[in-house]
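> First the structure, then my questions, so here it is.
The values are calculated or read from the model by the stated rules, or taken from the named source; none is laboratory data. In this text the structure is predicted, and so the values were computed from the model without any measurement. Because the Cβ atoms are built from the backbone with ideal geometry, glycine has one as well, and the counts that use them run over all protein chains shown. The area values use the complete protein model at the heavy-atom level, side chains included, leaving out ligands, DNA and RNA. Shrake-Rupley method; radii C 1.70, N 1.55, O 1.52, S 1.80 Å.
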Amino acid sequence: MRLFWPALLILATSCGVAEGGTQPVVTGEFGSKPKVAIPKGKPGRTPRITVLSMGTGRRTVPGDVVLADVDIRRWSGNQPYMSTYDGNQPTTVVFDGRRVSETWRQSLIGRPAGSRVMLVGPAAEALGPDVPLTGLAPADMLVLVFDILGGYPPDARLVGRALPVVPADLAPGEPARTLIDGSGRTVEAGSKVVVQYVAASWPERTVVDSSYRRGGPSAFTLKEGAVPAAWLGALTGQRVGSRVAVASAGEPPMLYVIDVLDTIGHA
């Protein structure tokens, strides 16, 4: 599973107003795919960041791993370009000194979890100088709507617990095991779950993936096709703060140990 999207590079920018006061109208509730109405006027060339609604959660800070859903569309013709709402996996943006678009930093850092933020700007500044790889022209005007799920330290883990280790007797076909009982909110089917995890191959039992090594937590929607099938039953009904061992009999067979750090509503 590739958990980091997109690879964005720094470009200095500033916030401004559109020519003629044009402003897209965004409707829909936080957490649902936004509906965007784009006016007929020209958007201007200076990136604009607008807080559409303010959340009540913890504010994101520099150094956080920020988890957010994002819908991206072209201004011209209101053409959809990419939406994490369709794939059921929020984007993971790591602000740890790696090069990330400055417009994304301004949009995502310092915002309370639960906020909806809109960014309007040319692709060269809204996505970064790798724009030619995306099929967009640098001057293409884009509208991005972010739902900020939360910011988490890269080393976020279960309080007072050691890093997870795959149980020596875990094998594909076995039922999931709760290694640590959490006491937080209950994870519901269809909700988003924020996790750290390790994954080991079978039968070698070699760790082939670890969010702890790769930069921090990720969020997934507990829906079929969005996570390994074995995760659905294993995580639904667990509480935040739990550690769960899951053996997946898929192709290839995998062993997972998952730390449940948070859960966020329904998708």
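> Assuming a viscosity of 0.890 mPa s and a temperature of 25 °C, what translational diffusion coefficient in µm² per second does Stokes-Einstein assign to the stretch 106-199, Rh being the Kirkwood radius over Cα pairs?
Estimated via Stokes-Einstein, D reaches 138 µm²/s.
> Over the stretch 177-264, with the other protein chains present, what is the accessible area per residue in square angstrom, probe 1.4 angstrom? All intermediate terms of the calculation are to be shown ahead of the outcome.
Values: 3410 Å² over 88 residues.
On a per-residue basis, the stretch 177-264 sits at 39 Å².
> How large is the translational diffusion coefficient of the stretch 147-267 in µm² per second when you combine the Kirkwood radius over alpha carbon pairs with Stokes-Einstein at 10 °C and 1.306 mPa s?
111
> Using only protein heavy atoms and a 1.4 Å probe, report how much of residue 152 is accessible, in Å² to the nearest 10.
Around 30 Å² of this residue is reachable by solvent.
> With a 1.4 Å probe and every protein chain left in place, work out the accessible area per residue of the stretch 25-152 in Å², rounded to a whole number.
41
> Please pull out the direction-averaged projected area of the stretch 25-152, using the convex hull of its alpha-carbon atoms, in nm² to one decimal place.
Working: hull surface 29.2 nm².
Averaged projected hull area, Cα only: 7.3 nm².
> Quick one: what does P(r) look like for the chain with 10 Å bins over all Cα pairs, in whole %?
Taking every Cα pair in the chain, the percentages come to 7, 29, 32, 19, 10, 2, 0.
> Additional query: Below 8 Å, C-alpha to C-alpha, sequence gap of six or more: please give me the relative contact order for the chain in percent.
Reported as a whole number, the value is 20 percent.
> Going by average Cβ neighbours within 10 Å, how do the peptides 180-187, 154-161 rank, with the highest at the top?
180-187, 154-161
> Based on the alpha carbons, how large is the Rg to Rh ratio for the stretch 210-267 when Rh follows Kirkwood?
0.93
> Given the DSSP H assignment, sum -39500 (n - 2.57) over each helix run of at least 4 residues in the chain and divide by its residue total; what's the result at 222 nm in deg cm²/dmol, nearest 500?
-2000 deg cm²/dmol
> Now, a different point. Using a 1.4 Å probe on the protein chains only, how many percent of the accessible area of the stretch 177-264 belongs to carbon and sulfur?
Values: 1710 of 3410 Å².
Result for the stretch 177-264: 50 percent of the exposed heavy-atom area is carbon or sulfur.
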